[in-house]
1. Which of the residues spanning the stretch 6-46 are surrounded by fewer than 14 Cβ atoms within 10 Å (Cβ to Cβ) and not in a loop (DSSP other than H, G, I, E, B)?
2. Quick check on my filter: what residues within the stretch 255-282 are touching a helix residue (DSSP H, G or I) at 6+ places or on another chain (Cβ under 7 Å) and either in a loop (DSSP other than H, G, I, E, B) or among the small types (Gly, Ala, Ser) (or both)?
3. Have a look at 256, 267 and point out the one that is within 30 Å of residue 420 (Cα to Cα), in contact (Cβ under 8 Å) with a residue 24 or more places away in the chain and in contact with a Phe, Trp or Tyr (Cβ under 6 Å, 6 or more places away or on another chain).
4. Within the stretch 283-301, which residues are in contact with a strand residue (DSSP E or B) (Cβ under 9 Å, 6 or more places away or on another chain) and either in a helix (DSSP H, G or I) or not small (Gly, Ala, Ser) (or both)?
5. Say we look at the stretch 264-297 and pick out the residues that are of a type in the set (D, E, K, R) and out of contact with any Cys (no Cβ under 9 Å at 6 or more places or on another chain); which of these is nearest to residue 94 (Cα to Cα)?
6. Of a type in the set (S, T, N, Q) and within 22 Å of residue 170 (Cα to Cα): is that true of residue 264 in this structure?
7. Report yes if residue 320 is among the hydrophobic types (A, V, I, L, M, F, W, C), within 23 Å of residue 343 (Cα to Cα) and within 18 Å of the chain's Cα centre (by Cα), otherwise no.
8. For the stretch 364-374, which positions are outside any helix (DSSP H, G or I) and not aromatic (Phe, Trp, Tyr)?
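The values are calculated or read from the model by the stated rules, or taken from the named source; none is laboratory data. Keep in mind that what you see is a predicted model, and the values were worked out from it rather than measured. Cβ placement follows ideal geometry from the backbone for every residue including glycine, while neighbour counts extend to all protein chains displayed.
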Amino acid sequence: MPSSFPYTPTTHRTSVKPRPWVPLKHHEGRIEVPSLPFNPRTDTLLGMYEISTHVIPAVNPRITPNVPVPEPPPHSLKRTGRDIKKLGLEFINQQARQEEDGYSGVMDERLLWNCINRYVKKDRGANIRTKGVALFLVHAVGFPKETWETTLCYLLGTCGLIDEIWSWESVQHGDSALLNRQNLSGSFDWTDNARDIVNFFINYMPEEVEIPALPIQLHRLPASISEARQQSGFSSRTLVLAGHSVGGCVAALVALHFPALFSSLILVDPMIDTFTEFPFEHGQSVVGHVLIRRQQWPSREAALRSFKSSPLFSVWHPDVIRLYVDYGLYEDGSGSVRLKTAPIHEAIVSANLRTSRETWELMETLDEKIELLWILPGKENKVVSMMEPFLKERVWRRPANSSNVIIKSSDHLIPHESPEALAQTMADFLHKKYGVSSVQSRL
């Protein structure tokens, strides 16, 4: 695909000395999922894809120790932009100190869970491809797995190549957060999200797409299958990995360490950076705003009205706002609704930037067989303008087999603001790489 940003070499950056991959360990014995505090999906998408919800045990030990969850700051309606930025910086520094003090080899082995939605085509029909295309989606910080569904509706309406989609949820987000709320730590390393995803790919992702129904708690696969996947990838799937924001960074880290699993990688404005200068200053404001955000409303209708009147949410596609209200909130027992992803845990994830820096440094080593598509914001505003020099370098960290596309209608939240344009960009990429003519040309 032609690129929006021309080739831009990387300026000198100080090494952050990326840490080695921490091997996966599993909880011993049979593990029964607790009672689900949410309703598993049993509906369809566009009448074409059957939806189901599944859970798997997360890996252990966690990289970060079990530390108390910090108390959120008191709410105030009179905080200035400078106050919010200062609040964010203090929280980032607190998390950094905790990292230095707490990572002494004592790791958290409490049982956590990951939730995943599966979307599988009801009628695959005749297919020239020997392996069906499977799409795996990783969300941004603060948003449930279902916020991808507006993009999926546009994508699947025009792209018939995809047989199966899996939409991931990190341990402190959405339905995963409801399962884990008693066991979440006050610190979180993005690498643990990557390790959990790898755990799904090599130990739990079913062998065949054709399996019509799966149990809610997926069965762990034999070790022989796990070992074969790590060496040679999937026997019955062509896997496309896509991630947005922090999810994009996590997706890239997974592909860096397990390249045999993937055919291509779609990074939607991923948080892959060394976070100096403007990106770090902007990050302080983001964390500060998250810490003081509202998390409870009298009803879903009241929450919807509140979101539509907010400068942040009012620019979202209306279907995405509706999904956020339907799947990002839960009835809290007091007659009100509350965010499934607590702001304090959203802030913890946003404040821990080490993995982003490490992934930036490692990106130039990504296997060139994995085709790479970067999708970037292009809306005319101060933040996008200030970020442009950093984006230009970011998208050329791995120059070979790589392209980038700018979506001019959107800011950073591309799946939320411009799902139709995002879907069209993804469809163009998938048709070019996996369409019938592309397959025939490779035979």
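1. Of everything in the stretch 6-46, those that are surrounded by fewer than 14 Cβ atoms within 10 Å (Cβ to Cβ) and not in a loop (DSSP other than H, G, I, E, B) turn out to be 25, 44.
2. Within the stretch 255-282, 258, 260, 262, 264, 269, 270, 271, 272, 273, 274, 275 meet the criteria.
3. Working: 256 fails: in contact with a Phe, Trp or Tyr (Cβ under 6 Å, 6 or more places away or on another chain).
Just one listed residue meets the conditions, 267.
4. Initial filter on the stretch 283-301 (in contact with a strand residue (DSSP E or B) (Cβ under 9 Å, 6 or more places away or on another chain)): 293-300.
Across the stretch 283-301, the qualifying residues are 293, 294, 295, 296, 297, 298, 300.
5. Quick first cut of the stretch 264-297, residues of a type in the set (D, E, K, R) only: 269, 273, 277, 281, 293-294.
Still in the running and out of contact with any Cys (no Cβ under 9 Å at 6 or more places or on another chain): 269, 277, 281, 293-294.
Details: 269: 26, 277: 20, 281: 16, 293: 19, 294: 22 Å.
In this case the residue turns out to be 281.
6. Details: of a type in the set (S, T, N, Q): yes; within 22 Å of residue 170 (Cα to Cα): yes.
In short, yes.
7. Numbers: among the hydrophobic types (A, V, I, L, M, F, W, C): yes; within 23 Å of residue 343 (Cα to Cα): yes; within 18 Å of the chain's Cα centre (by Cα): yes.
Here the answer is yes, as residue 320 does meet what is asked.
8. The first filter runs over the stretch 364-374 and keeps only residues outside any helix (DSSP H, G or I), leaving 366-374.
Listed by number, the residues that qualify are 366, 367, 368, 369, 370, 371, 372, 373.
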